[in-house]
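Below: one structure, written as structure tokens.
The values are calculated or read from the model by the stated rules, or taken from the named source; none is laboratory data. What you are looking at is a predicted structure, and each value in this text was computed from that prediction instead of being measured. When we count neighbours, we look across all protein chains shown, and the Cβ atoms used for this are built from the backbone with ideal geometry, even at glycine. All accessible areas refer to the heavy atoms of the entire protein, side chains included, with ligands and DNA or RNA removed. Shrake-Rupley method; radii C 1.70, N 1.55, O 1.52, S 1.80 Å.
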Amino acid sequence: MATVNRYLCPVAPGECPSSPRRGFCPNHEWERLVPDRAYLTAERTDQERTGAEGPEGAEGTRGPEGTGEPDRTADAVRASGPLRHRTANAVRASDAVRTSDTERRDRPEAAAPAGARRPRPTPTPAAPPADLTRPHPTPAPSPAAPCLALVLAGALIPVRGAGQDPTRLGREAPDCAHVPGLAALDQVSRAHAELYWHAGRLYVADTDSVNGTYVDGLRISRPAQLWPGGHRLRLADDPEGVDVTVVELDEYGAPL
């Protein structure tokens, strides 16, 4: 009969360290070590069992010769087979539980199911009611453009206000239709110049006249400021040209 000289772990006998005496596995603390004879081949186990049984009809397995006691070590080895399988299954089940717990901790929290009651938002305090008894400041009105007019050949031509059509000058301009003798002045073009407002200032622009438009004695090629400032305006700079004077009107429409 083989002698037991070491004990192995029933879960991983090839990986866990062996021990010369009984005890528990250092890696699997809940597993009791079993004799090395549990992992012998079936043939060798049968031979050892046959040699240990003694005379035919003897009950049980005898111990060492001369002792007369049954070999409880061999009985423990035979009983350890089912126990080893149950222990391995328990280890696998424990590993599966630990893996499931780890996945549950790493998994992000699932969204709340549909229809779940959401926390009620904190109400925002309402603004205090407006003080209706306190008068609100009103913006000061922008100063209105003054009422201006042009004096052309003794006739008074009103200047249109800001945001309106320009005031046009010329022999065939509708604004000058009432000026006496203007239609006979060949030095003045049919559409000679026009006046308009921009940023509270009055400008004059030449409209491709033949003899030009002059401000303070200089022919202009682009819009020039005419009011305020008392600038002099002339249509055609020759003896037959026409001087235009800018005047302010009072509340009754008369020149100041």
- Item | Summed residue charge, Cβ within 12 Å of residue 167's Cβ, Lys/Arg positive, Asp/Glu negative | -1
- Item | Largest-first ordering by accessible area, 1.4 Å probe, given options 231, 178, 28, 192 | 178, 231, 28, 192
- Taking the stretch 147-240, the equivalent ellipsoid from its C-alpha gyration tensor has semi-axes in Å, biggest first, of 19, 16, 12
- Under a 1.4 Å probe, counting only protein heavy atoms, residue 206 has an accessible area in Å², nearest 10, of 50 Å²
- For residue 160, other-chain or 5+-apart residues with amide H closer than 5 Å (H placed, Pro excluded) are 167
- Message: Under a crude label model (7 Å from the Cα following the beta-carbon direction), how far is residue 218 from residue 231 in nanometres?
- Response: 0.9 nm
- List the residues of the stretch 219-234 whose backbone N lies under 20 Å from a point placed 7 Å from the Cα of residue 164 along the Cα-to-Cβ direction. 226-228
- Segment residue 27-residue 210, extension gain: residue separation times 0.36 nm, minus the distance between their alpha carbons: 54.5 nm
- Note on the structure: With all protein chains present and a 1.4 Å probe, the order of 245, 122 from largest accessible area down is 122, 245
- Express in nm, to one decimal, how much length is gained between residue 240 and residue 120 on full extension, taking 0.36 nm for each residue of separation and deducting their alpha carbon distance. 34.3 nm
- Note on the structure: SASA check, residue 159, accessible area w/ 1.4 Å probe, all protein chains in place, rounded to nearest 10 Å², comes out at 20 Å²
- Query: Once amide H atoms are built 1.01 Å from N in the peptide plane, which residues 5 or more positions from residue 244, or in another chain, come under 5 Å H to H?
  - Reply: 233, 234, 235
- Go through 31, 194 and list them by solvent-accessible area, largest first, probe radius 1.4 Å. 194, 31
